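Scroll down for the structure; my scribbles are underneath it.
The values are calculated or read from the model by the stated rules, or taken from the named source; none is laboratory data. Since the structure is predicted, the reported quantities are computational estimates derived from the model, not experimental observations. Cβ sites come from the backbone with ideal geometry, for glycine too, and all protein chains shown count toward neighbours. Just the protein is used for accessible areas: all its heavy atoms, side chains included, with ligands, DNA and RNA removed. Shrake-Rupley method; radii C 1.70, N 1.55, O 1.52, S 1.80 Å.
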Amino acid sequence: METWKKILSQSVTDTDQLAKIFGLPPDELRRVNAIFPCRIPKTILKRIKYAGDPIFKQCIPAPAELHSDNDLMDDPLGEIRFKKRDVIVKKYPDRCLFLVSGECAMYCRFCTRKRKFRESFNVTRTQIDEGLDYIAKHTELRDVLISGGDPLLLDDDKLEYILKNIRLRAPHIRIIRIGTRTPGVLPERITAKLVKMLKKYHPLYLNIHFNHPEEFSPQCCRALRRLADAGIVLGSQTVLLKGVNDDPEVMRELMWKLLENRVRPYYIFQCDLIYGTEHFRTPLKKGMEIMKALRGWSSGMANPHFVIDLPGGGGKVPVVPEYLIDQQHSGFLYRNYCGEEYFYPDCE
Ligand SMILES: *Cc1c(COP(=O)(O)O)cnc(C)c1O
Ligand code: SF4
């Protein structure tokens, strides 16, 4: 058995075990687990330094998940409304999501698809073929985002079947993107064999998910190096999480860690309004404060877009701190990153 499969098969799903390790109330954890199951690779569990550290908060069930807030929903992104096939979600003119896997290496407690942990859904070959048919038929598409779950939990040959068929049957697809958290939570998945297969399907972009500088273990860095060396363009997504990374210093360091590992920061997401994630919510102002602390103060390369995926299915909108102070007929008055005012004379 490949190492990554072995690690996966030994993941911790029993909250009594967690309660014992961290001295937590077993009954409450069991109640959380019944609604939002947990799954943690032992390799990640070992990296938790103390109860409440950034890795702990992302993967250990918390009693707070049982408190619900009226603003929180099961499907905040309205993905059910935009579903074109069982596995295709299309909201934008030229791109769609292709949800090819229902599994993840680790269940993140703040996950947008938390509702799916319960259904433990399995993607069938028929559904994959329906998705491929859709992509082949819809020539307006230029970009397919292979997502899930985590697409890299599929076996190499299943994943290759998808990539190969997109390339063979949909010449209008100009880039393929894969979204995965495996480099951070199951770096053993990034095998030489996998990378050799992936690089046959260029131009290929891989968007990885990192939320804290502590997540960069030597194994993660090696996995990222292997991907970058294969010419796969790496981008990142980060979810803004209270108590994990809602701090300009932490976020700045995270952006630098990504860049050092040849990953271009792409998005910071405002946490979606999912049931059972209230304890992770930050006010929008916090994100703006973080973006202000990045812009100008850190390399432009370390500046991703901060976005909200609008509830109800509105899609992503950028949230940008205000730099414009005044608009006059002759031009615009701005405040720069360190608070000084400058005038830009505009033309007719
Ligand atoms: C996020 C998302 C995309 C990709 O958006 P980009 O801004 O192009 O990265 C595409 N489709 C859906 C439904 C999405 O939620
Ligand atoms: S890896 Fe992504 S899809 Fe999977 S549980 Fe974490 S946030 Fe959700």
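For this structure, a couple of remarks:
- Size descriptor, Kirkwood hydrodynamic radius, that averages inverse alpha-carbon separations across the range 1-97, Å: 16.1
- Per residue value of the accessible surface for the range 65-202 (all protein chains in place, 1.4 Å probe), Å²: 44
- Rounded, prolate or oblate (a/c below 1.5 giving rounded, otherwise prolate when a/b exceeds b/c) for the range 113-207 by Cα gyration tensor: oblate
- Over 30 Å apart at the Cα level, from the set Lys84/Lys292; Lys49/Lys83; Lys114/Lys158; Lys49/Lys286; Lys42/Lys242, are Lys84/Lys292; Lys49/Lys83.
- Rg/Rh (Cα only; Kirkwood hydrodynamic radius) as it applies to the range 239-278: 1.04
- Seen from a random direction on average, the alpha-carbon convex hull of the range 30-154 projects onto 9.2 square nanometres.
- Over the chain: helical MRE at 222 nm, DSSP H runs n ≥ 4 each giving -39500 (n - 2.57), nearest 500: -9500 deg cm²/dmol
- The orientation-averaged shadow of the Cα convex hull for the range 236-348, equal to a quarter of the hull surface, comes to 9.1 nm².
- The range 1-91, relative contact order in percent, only Cα pairs under 8 angstrom and at least six apart counted: 23
- Per-residue extension of 0.36 nm, minus the Cα-Cα distance of Arg95 and Arg262, leaves a gain of 57.6 nm for this segment.
- Average Cα contact separation per residue, the chain, under 8 Å, 6 or more apart, as relative contact order %: 15
- Debye log10 I(q)/I(0) at q = 0.07, 0.11 Å⁻¹ for the chain, Cα point scatterers: -0.31, -0.78
- Exposed loop positions in the chain were taken to be chymotrypsin sites (Phe, Trp or Tyr not before Pro) whose DSSP state is not H, G, I, E or B and which have at most 15 other beta-carbon atoms within 10 angstrom. Between these positions, the longest stretch is 51-296.
- Filtered trypsin sites (Lys or Arg not before Pro), the range 1-88: DSSP coil and at most 11 other beta carbons within 10 Å: Lys46, Lys49, Arg81
- Antiparallel content of DSSP bridges confined to the range 1-153, in %, to 5: 50
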